[in-house]
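One structure below.
The values are calculated or read from the model by the stated rules, or taken from the named source; none is laboratory data. Only a predicted model underlies this, so the values are computations on that prediction, with no experimental measurement involved. Neighbour counts run over all protein chains shown; Cβ positions are idealised from the backbone, glycine included. Please note that ligands, DNA and RNA were not included when accessible areas were found on the heavy atoms of the full protein model with its side chains. Shrake-Rupley method; radii C 1.70, N 1.55, O 1.52, S 1.80 Å.
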Amino acid sequence: MAEKNADAILQRLIRILSQEIVIYTKLLTVLEEKQQAIVNGEVEKLQKATEDEQATLSDARNTEKERKQTLSSLAGTSNNLKDVESLRQLISAVEYKYHQRLNEIRESLENILEKVALKNEQNKFLLNHSIQFVQTMIKDLLSSRESMNDLYASNGKNLDPKYLAMLDRRI
């Protein structure tokens, strides 16, 4: 009876892990959309992508919680499954008939999570440089008044720098 119960739990775990692959693939797509929005300076698309990212991450957290509960249930079916903490450990502890499918899932998860991490790093880099650029531009715009003391009008007179500032700093 415990073996059939373990089989049912393993089947459920395989479904959950497959669902995680789908969720992380969706996350990768959202991160790619986010990257394009950053590169193209499309603020509305960036907001939408960020909202989609948060929703997808919420789905991932829920699925992870479900996976942990299922692993906990599985640990109660056999002594050799009690200390399983990773998919690699699970593969070595379960019946051989599950090895290939669990191994495929593990490889897919590793692959997609690596791509997600890389895309996150790229987006972080792009955002940091965008912020740096904006800060530099603001600094340059705010300091433009001081660097324009030697400008002349067409009549040869010195221009008053207070009229040349690119930003009006009055509140």
Inset, instruction - For residues that are farther than 17 Å from Arg12 by Cα and either at pLDDT 95 or above or not in a helix (DSSP H, G or I) (or both), tally how many sit in the range 62-84. - result: 2
Legend entry - Criterion (part of a helix (DSSP H, G or I), of a type outside the set (Lys, Arg) and closer than 16 Å to Leu102 by Cβ) met by exactly one of Asp52, Asp59, Asp7: Asp7
Legend entry - Leading residue by the ranking (most open to solvent (accessible area, probe 1.4 Å)) among those in the range 9-41 that are hydrophobic (A, V, I, L, M, F, W, C) and over 17 Å from Ala60 (Cβ atoms): Val39
Inset, instruction - Would you mind stating whether Asn158 is open to solvent by less than 100 Å² (accessible area, probe 1.4 Å), touching a Pro at 6+ places or on another chain (Cβ under 7 Å), modelled with pLDDT under 90 and not aromatic (Phe, Trp, Tyr)? - result: no
Legend entry - Count of the range 76-111 residues which are closer than 23 Å to Val22 by Cβ, open to solvent by less than 70 Å² (accessible area, probe 1.4 Å) and in contact with a helix residue (DSSP H, G or I) (Cβ under 8 Å, 6 or more places away or on another chain): 12
Inset, instruction - Output yes when any residue across the range 29-43 is part of a helix (DSSP H, G or I), more than 21 Å from Ala117 (Cα to Cα) and modelled with pLDDT of 90 or more, and no when none is. - result: yes
Inset, instruction - Using the structure shown, decide if Ile14 is in a helix (DSSP H, G or I), touching a residue at least 40 places away in the same chain (Cβ under 8 Å), more than 15 Å from the chain's Cα centre (by Cα) and within 20 Å of Ile112 (Cβ to Cβ). - result: yes
Inset, instruction - Report yes if some residue within the range 51-69 is within 13 Å of Ala6 (Cα to Cα) and open to solvent by 20 Å² or more (accessible area, probe 1.4 Å); otherwise report no. - result: no
Inset, instruction - Would you please list the contacts, defined by Cβ atoms under 8 Å and residues six or more apart or on different chains, that run from a residue in the range 102-117 that is under 19 Å from Arg12 (Cα atoms) to a residue that is open to solvent by 50 Å² or more (accessible area, probe 1.4 Å) and small (Gly, Ala, Ser)? - result: none
